[in-house]
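A short worksheet on the structure shown next.
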Amino acid sequence: MSSKKESVARTLTVALLVCLVCSVVVSAAAVALKPVQTTNRLQDKQRNILQIAGLFQPGVSVQEQFQQITPRLVDLRTGEFSDAQDPLTFDQQKAAKDPSMSEQLSGEQDIASIRRRADFSTVYVVENPDGSIKTLILPIHGYGLWSTLYGFMALESDLKTVVGLGFYQHAETPGLGGEVDNPNWKAQWTGKVVYDESGKPAISVIKGGVDPSNPDAEHQVDALAGATLTSRGVENLVRFWLGEDGFGPFLEHLRAGEA
């Protein structure tokens, strides 16, 4: 009997030691790899920004290419540039969950279904040699059908004509809402005008295809086939971030030279 007890105790001891060693190895690997993972996520984000701005060159270091882009922090409450946070390290997603760094949106305001909007946001500026804005890249996000879509929209120097739009994170249905990643669909956004003559967001994602003869065609993009709710979500999130509760006041200040 004692021999059996000793055998069981020894088995449990060995199992416990194996678990302990494995835990230490996994924890050490996680700690050691965290800087690499952080760097990879940053480079992936920078690559997306370059691609959406039409600046990405295959075969050239992403870090080197990104030097032509200047991150700037914007206070969305005032619509002006700010030095309150470091634009390189500011985490807008995290800030949006902190009541002290974000604003609760009312149902009427929250057309993008994000619930809270961070007080600050990092935007990305490409300047002309004279210091004027050549391209402005804005972070955008909002809910589609199954997930929150996170991406960027790049605008020309007039701050109303689209250079590019794309999403780097979402969980929409492959082949349906997931077609937001389709290069052909993303290409439709280039050249579209996001504001009407009164300065209100006018972009629409419409079913049935855009009629080029329609006077509003410059504001319209084809909806994704079979993905009505994702298409509507993209329209709503773009309109939100271009509107008065998003980057609207900031863009107005830029046009007036007041930001």
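The values are calculated or read from the model by the stated rules, or taken from the named source; none is laboratory data. Worth saying up front: this structure is predicted, and the values here are computed from it rather than measured. Cβ sites come from the backbone with ideal geometry, for glycine too, and all protein chains shown count toward neighbours.
Tell me whether region 207-215 contains one or more residues that are modelled with pLDDT of 95 or more and over 14 Å from ILE52 (Cα atoms). Break it down into steps so the answer makes sense when it comes.
Within region 207-215, the subset modelled with pLDDT of 95 or more is none.
No; the residues of region 207-215 include none that is modelled with pLDDT of 95 or more and over 14 Å from ILE52 (Cα atoms).
Test of understanding: among LEU50, LEU33, LEU20, LEU42, which residue is surrounded by 13 or more Cβ atoms within 10 Å (Cβ to Cβ), modelled with pLDDT under 90 and assigned to a helix (DSSP H, G or I)?
Details: LEU50 fails: modelled with pLDDT under 90; LEU33 fails: surrounded by 13 or more Cβ atoms within 10 Å (Cβ to Cβ); LEU20 fails: surrounded by 13 or more Cβ atoms within 10 Å (Cβ to Cβ).
When all the criteria are applied, what remains is LEU42.
Among the residues of region 207-221, are any part of a helix (DSSP H, G or I), surrounded by fewer than 19 Cβ atoms within 10 Å (Cβ to Cβ) and in contact (Cβ under 8 Å) with a residue 12 or more places away in the chain? Before the answer, list the steps.
Residues of region 207-221 part of a helix (DSSP H, G or I): 217-219.
Now drop any that are not surrounded by fewer than 19 Cβ atoms within 10 Å (Cβ to Cβ), which leaves 217-219.
Now narrow it down to the ones that are in contact (Cβ under 8 Å) with a residue 12 or more places away in the chain: 218-219.
Among the residues of region 207-221, at least one is part of a helix (DSSP H, G or I), surrounded by fewer than 19 Cβ atoms within 10 Å (Cβ to Cβ) and in contact (Cβ under 8 Å) with a residue 12 or more places away in the chain, which makes the answer yes.
What are the residues in region 240-259 that are aromatic (Phe, Trp, Tyr) and either surrounded by fewer than 18 Cβ atoms within 10 Å (Cβ to Cβ) or assigned to a helix (DSSP H, G or I) (or both), if any? Steps first, please.
Our first condition is that a residue be aromatic (Phe, Trp, Tyr); within region 240-259, this holds for 240-241, 247, 250.
Answer for region 240-259, where residues must be aromatic (Phe, Trp, Tyr) and either surrounded by fewer than 18 Cβ atoms within 10 Å (Cβ to Cβ) or assigned to a helix (DSSP H, G or I) (or both): PHE240, TRP241, PHE250.
Inspect all residues belonging to region 211-230 and state whether any of them is under 18 Å from the mean Cα position of the chain (by Cα) and within 26 Å of GLY257 (Cα to Cα). If you could, list the steps in order and put the result at the bottom.
Keep residues of region 211-230 that are under 18 Å from the mean Cα position of the chain (by Cα), which gives 230.
Then drop every residue that is not within 26 Å of GLY257 (Cα to Cα), which leaves none.
No, region 211-230 contains no residue that is under 18 Å from the mean Cα position of the chain (by Cα) and within 26 Å of GLY257 (Cα to Cα).
Please count how many residues of region 68-88 are surrounded by 13 or more Cβ atoms within 10 Å (Cβ to Cβ) and outside any strand (DSSP E or B).
7
Quick grid of which residues meet (1) over 25 Å from GLY178 (Cα atoms); (2) buried (at least 19 other Cβ atoms within 10 Å of the Cβ); (3) in contact (Cβ under 8 Å) with a residue 60 or more places away in the chain; (4) among the aromatic types (Phe, Trp, Tyr):
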| position | (1), (2), (3), (4) |
| --- | --- |
| GLY107 | yes, no, no, no |
| ALA118 | yes, yes, no, no |
| THR122 | yes, yes, no, no |
| GLU127 | yes, no, no, no |
| GLY131 | yes, no, no, no |
| LYS134 | yes, no, no, no |
| ILE137 | no, yes, yes, no |
| GLY144 | no, yes, yes, no |
| ALA154 | no, yes, yes, no |
